[in-house]
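Undergrad: One structure, pasted below without further comment.
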Amino acid sequence: MSTIAAKKEHRYTILVADDSEINRSILRSMLEESYDIIEAEDGLQAVAVLQQKEQEISLVLLDIMMPNLDGFGVLSAMNKYRWIDNVPVIMISAESTHTFIERAYDMGVTDYISRPFDMMVVRRRVINTIMLYAKQRRMAAMVSEQIYQKEKVNNLMISILSHIVEFRNEESGLHVMHIQTMTEILLKSLMRKTDKYQLDRETINLIGNASTLHDVGKICIPGEILNKPGRFTEEEFAIMKEHSQMGADMMKGVPFQDEPLVKYAYEICRWHHERYDGRGYPDGLSGEDIPISAQVVSLADVYDALTSVRVYKPAHSHEKALSMILNGECGAFQPLLLECLVESSDVICQEMAVDTVVRGDQRIMENTATELAQYEELSDADRTLRVLEQERAINRFFTSVSQDILFEYTSTPSMLTLTPVGAKWLGLEETMVDPYHNRMVQELIDLDELAELAQLLQDTTPDDSVVQFDCGIHLNGELRRIQVLAKAMWSSDNPPQYTGAIGKVLERREEEAH
């Protein structure tokens, strides 16, 4: 059966709650041609039906005067369990006293119809109310989907950056993901203990994202020093310490300096090796002169270093790491943060053991729920605009600091967006409409290979959406081999629709191509 046919056959469900069988029969005869009708003989039955079928019910027609539980009692239950947020109520009663009607509206009813019934009035108000709420539900679903997709992209960007940062350090991207997870755990604990740092969920999310760049300056450190298995000489350690300043300089060089994310990333890069007693580097800050973002990442960094295998040591247990930190063997930390570490010990141990993919999915869902709650008081339109603006700010930042050739393609409208680095290397514009018919793209890559890549992406499924594709490009008068690693994006429709792709381009070395 086609999707169009299925939509045409969709019928909304109305709950009619009235103790009069005659009234229920009249309403049924008016509405059953277009709607599925469920009847309740009193308020208790109505509440029982709502408990079981709240998601299926599109409207409640509710009488006021009923035995066992009256209409106001039903409204109280609907407000208590938040059903009233999703299920509209039209009061239908012969009671026309002003105080009754005002009380009904105060408790959340959408409309009020007096008996005796006028068929045209009932039908028109029913369809208007159902369509209004259906539109609001679609808007809410759209906002939720936008936030969810944004969080998925952000999580992917963070994952890509973590691998970029850790690649030269001969460590896995797990270190960066662990730092992010532990930073968020410690900040949430700190938020519960004090309001000194004005932490909220949005700030914690931003600091957590910024923490993924704490060691970005290491990409400037020579590999023979970075991965030396033994102890550093004094000269080598001096060079190694420069990564804090180098990372901070990188953050100073990116656009959008007014963005909080950039501010936190700068603080963390520069000062995550400072110590609470003033014996750290590069500036010798002490106490509360060290921003809380850097203090928390410093503690997380030390913990993960202790519990991870390094070229110069085996991994310590969770218990051993805590003991070493609390005994002052690994530097000095704020006493309140150490309290947070102890109190969050079990959570840290559990979260560090969670698979990174699972943890990433959990973070996506948590952040989606947090953002939806944050914008709850806004209208749907304002909420959508606010969320999209935050999305653009975060994506602009991660795009600006990435040295990889990243891209995003949307199918409707057909548009290709490249990172500045990728656009410069490929000799293309950063944003191109209808890239398949763009002359510069056609000169860069063979159209048959481009069509093959497009077909591979469209042949994926939401559960198996990653494509790896090798091809050649004509760059500066020579043929070069590249590898495209892409993830197809699918909508939440039923059935899902292909909406585009995100991914990266890697240049293959000559020995890899053979």
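Undergrad: Somewhere in region 315-322, is a residue open to solvent by less than 40 Å² (accessible area, probe 1.4 Å), in contact (Cβ under 8 Å) with a residue 24 or more places away in the chain and touching an Asp or Glu at 6+ places or on another chain (Cβ under 8 Å)? Walk me through how you get there before you give the answer.
TA: Applying the first criterion (open to solvent by less than 40 Å² (accessible area, probe 1.4 Å)) to region 315-322 yields 318, 321-322.
Adding the requirement that they be in contact (Cβ under 8 Å) with a residue 24 or more places away in the chain leaves 318.
Pick out the ones that are also touching an Asp or Glu at 6+ places or on another chain (Cβ under 8 Å) and you get none.
No; the residues of region 315-322 include none that is open to solvent by less than 40 Å² (accessible area, probe 1.4 Å), in contact (Cβ under 8 Å) with a residue 24 or more places away in the chain and touching an Asp or Glu at 6+ places or on another chain (Cβ under 8 Å).
Undergrad: Right, another one. Is it fair to say Ile130 is within 12 Å of Val60 (Cα to Cα) and part of a helix (DSSP H, G or I)?
TA: Values: within 12 Å of Val60 (Cα to Cα): yes; part of a helix (DSSP H, G or I): yes.
Against the criterion (within 12 Å of Val60 (Cα to Cα) and part of a helix (DSSP H, G or I)), Ile130 qualifies.
Undergrad: Would region 407-423 turn up any residue that is open to solvent by 70 Å² or more (accessible area, probe 1.4 Å), out of contact with any helix residue (DSSP H, G or I) (no Cβ under 8 Å at 6 or more places or on another chain) and at pLDDT below 80?
TA: Checked against the condition, which is being open to solvent by 70 Å² or more (accessible area, probe 1.4 Å), out of contact with any helix residue (DSSP H, G or I) (no Cβ under 8 Å at 6 or more places or on another chain) and at pLDDT below 80, region 407-423 yields at least one hit.
Undergrad: For region 488-509, how many residues meet the condition of being surrounded by fewer than 17 Cβ atoms within 10 Å (Cβ to Cβ) and either touching a Cys at 6+ places or on another chain (Cβ under 9 Å) or β-branched (Val, Ile, Thr) (or both)?
TA: 1
Undergrad: Being outside any helix (DSSP H, G or I) and either under 21 Å from Ile204 (Cβ atoms) or open to solvent by 40 Å² or more (accessible area, probe 1.4 Å) (or both) is true for just one of Asp283, Asp304. Which residue is that?
TA: Numbers: Asp304 fails: outside any helix (DSSP H, G or I).
Criteria check complete, one pass: Asp283.
Undergrad: When region 107-149 is examined, which residues are found to be among the aromatic types (Phe, Trp, Tyr), modelled with pLDDT of 70 or more and more than 16 Å from Ile26 (Cα to Cα)? Before the answer, list the steps.
TA: In the first step, residues of region 107-149 are kept if they are among the aromatic types (Phe, Trp, Tyr); the result is 112, 117, 133, 148.
Now drop any that are not modelled with pLDDT of 70 or more, which leaves 112, 117, 133.
Passing the criteria: Tyr112, Tyr133.
Undergrad: I've got another one for you. Here is a list: Arg231, Arg201. Which entry is over 35 Å from the mean Cα position of the chain (by Cα) and at pLDDT below 90? Working first, answer last.
TA: Values: Arg201 fails: over 35 Å from the mean Cα position of the chain (by Cα).
Exactly one of Arg231, Arg201 is over 35 Å from the mean Cα position of the chain (by Cα) and at pLDDT below 90, namely Arg231.
Undergrad: Output the residue which, of all residues in region 37-70 that are under 40 Å from the mean Cα position of the chain (by Cα) and touching a residue at least 40 places away in the same chain (Cβ under 8 Å), is most open to solvent (accessible area, probe 1.4 Å).
TA: So the residue we want is Glu56.
Undergrad: Which residues, counting only those in region 426-440, are without any contact (Cβ under 8 Å) to a residue 24 or more places away in the chain and of a type outside the set (Ser, Thr, Tyr)? Write out each step before concluding.
TA: Our first condition is that a residue be without any contact (Cβ under 8 Å) to a residue 24 or more places away in the chain; within region 426-440, this holds for 428-434, 436-440.
Once the filter is applied, which keeps residues that are without any contact (Cβ under 8 Å) to a residue 24 or more places away in the chain and of a type outside the set (Ser, Thr, Tyr), region 426-440 yields Leu428, Glu429, Glu430, Met432, Val433, Asp434, His437, Asn438, Arg439, Met440.
Undergrad: Restricting attention to region 223-280, which residues are assigned to a helix (DSSP H, G or I), among the basic types (Lys, Arg) and surrounded by 15 or more Cβ atoms within 10 Å (Cβ to Cβ)? Step through it out loud before you land on a result.
TA: Here is the first cut: in region 223-280, the residues assigned to a helix (DSSP H, G or I) are 223-226, 234-253, 260-271.
Within this subset, residues satisfying the condition of being among the basic types (Lys, Arg) are 241, 252, 263, 270.
Matches in region 223-280: Lys241, Lys263, Arg270.
Undergrad: Pull up region 424-460, narrow it to residues that are at pLDDT below 85 and surrounded by 13 or more Cβ atoms within 10 Å (Cβ to Cβ), then point me to the one that is farthest from the chain's Cα centre (by Cα). Write out each step before concluding.
TA: Restricting attention to region 424-460, the residues satisfying the condition of being at pLDDT below 85 are 429-438.
Now drop any that are not surrounded by 13 or more Cβ atoms within 10 Å (Cβ to Cβ), which leaves 429-430, 432, 435-436, 438.
Numbers: Glu429: 28, Glu430: 25, Met432: 26, Pro435: 28, Tyr436: 31, Asn438: 33 Å.
Among them, the one singled out is Asn438.
Undergrad: Only residues that are surrounded by fewer than 19 Cβ atoms within 10 Å (Cβ to Cβ), in contact with a strand residue (DSSP E or B) (Cβ under 8 Å, 6 or more places away or on another chain), at pLDDT 90 or above and charged (D, E, K, R): list them for region 2-30, please.
TA: If the condition is that a residue be surrounded by fewer than 19 Cβ atoms within 10 Å (Cβ to Cβ), in contact with a strand residue (DSSP E or B) (Cβ under 8 Å, 6 or more places away or on another chain), at pLDDT 90 or above and charged (D, E, K, R), then Arg28 is the only one that fits.
Undergrad: Please find, within region 461-477, the residue that is nearest to the chain's Cα centre (by Cα) out of those that are within 18 Å of Leu450 (Cα to Cα) and open to solvent by 70 Å² or more (accessible area, probe 1.4 Å). Break it down into steps so the answer makes sense when it comes.
TA: Start the filter on region 461-477 by keeping residues that are within 18 Å of Leu450 (Cα to Cα), which leaves 465-475.
Imposing the further condition that a residue be open to solvent by 70 Å² or more (accessible area, probe 1.4 Å) reduces the set to 466, 468, 474.
Numbers: Val466: 20, Gln468: 25, His474: 37 Å.
Taking the candidates together, the pick is Val466.
Undergrad: If you don't mind, another one. Is there any pair with a first residue in region 106-131 that is closer than 22 Å to Gly73 by Cα and a second that is at pLDDT below 85 and of a type outside the set (S, T, N, Q) whose Cβ atoms are under 7 Å apart and which are 6 or more apart or on different chains, and what are they?
TA: Ile113/Val121; Ser114/Ala94; Arg115/Ala94
The values are calculated or read from the model by the stated rules, or taken from the named source; none is laboratory data. Computed from a prediction, not measured in an experiment: that's the story for all the values here. In this analysis, Cβ positions are derived from the backbone assuming ideal geometry, glycine residues included, and neighbour counts consider all displayed protein chains. The accessibility values were calculated without ligands, DNA or RNA, using every heavy atom of the protein model including side chains. Shrake-Rupley method; radii C 1.70, N 1.55, O 1.52, S 1.80 Å.
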